Amino acid sequence: MTQAELQSKNFAVDDPDELMRQYKETGSLELRNQLVMHYSYIAKTVAVKMSSTFHKYASVEEMVNHGAIALIDSLERYDPSQGVKFPTFAFTKVRGAIIDYVRKQDWLPRRVRQMDILITKAESQLTNELGRTPTREEMAKRLGMSLSKYDKCVFEMSGESIYSFEALLDAPVQMNLFKTNPGPEEKMDEQELRQELAKAIDGLNEQERTVLSLYYYENLTMREIGQVMGVSEQRIGQINRKLIKKLKDQLSDYVKG
């Protein structure tokens, strides 16, 4: 089939596998463009879903654009003979590309990272000394800062906690993502992960569970959650960081075995 014949041939959008087969055989840019248009929903879906977490660091449009670039790269790298459906393959590549883009934006200033180290160290020391989790007031006093400044620092640090938690949740899932027919062991691993996450959420107090629900499932901003709960946006940031740490610690123990 000549290039002209390929360009004039109209493959039905309901037969993307045939379109992919022809593209892999010919390398036609026309066919590649048709595939990009057909699978563009992957970049849009991933970007919109991730915007609830990373909206402060990149716009949906920016994430869609980088997702589209990853989609094109996925078409180049995809090997149908591996038995993996292209949407599954592309979803992983697109999501990874968007996370890499967000991470490269220097969205957490160095001073915030340094403060994160100081606060984490102070929290660990006070916990050992007191035999319990220190209060905000005790933390602020140990760090020699006002309560409002402490709350502001914790709020700024919440972005790092969110990213770490996202990466943690992805780790065990990525291992099985390329398996078209997961075996009993993989299904059991996924079920155990869900059980561990549910157990970790049950261990949160009522206030933390409310923030978790409103922020990660209802997609409210921290300012909006603060208005609902009658506290400051900074206070919500502190609650969020604490609940993420609790969940991350428990899931980290599970992932490490």
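Just so you know, all these numbers are worked out from the coordinates, no wet-lab data involved. Just so it is clear, the structure is predicted and the values come from calculations on it, not from any experiment. With ideal geometry, Cβ positions are generated from the backbone for all residues, glycine too; neighbour counts draw on all protein chains shown.
Descriptive notes on the structure:
- Around the amide H of Val84, modelled in the peptide plane, lies no amide H under 5 Å away from a residue 5 or more places distant or on another chain.
- Filter on Lys49/Lys245; Lys199/Lys248; Lys141/Lys245; Lys199/Lys246 - keep pairs with C-alpha separation over 19 Å: Lys49/Lys245; Lys141/Lys245
- Packing-based order for 64-74, 113-123, using average beta carbon neighbours within 10 Å, highest first: 64-74, 113-123
- 14 Å beta-carbon shell around Ala140, net charge (K/R +1, D/E -1): +2
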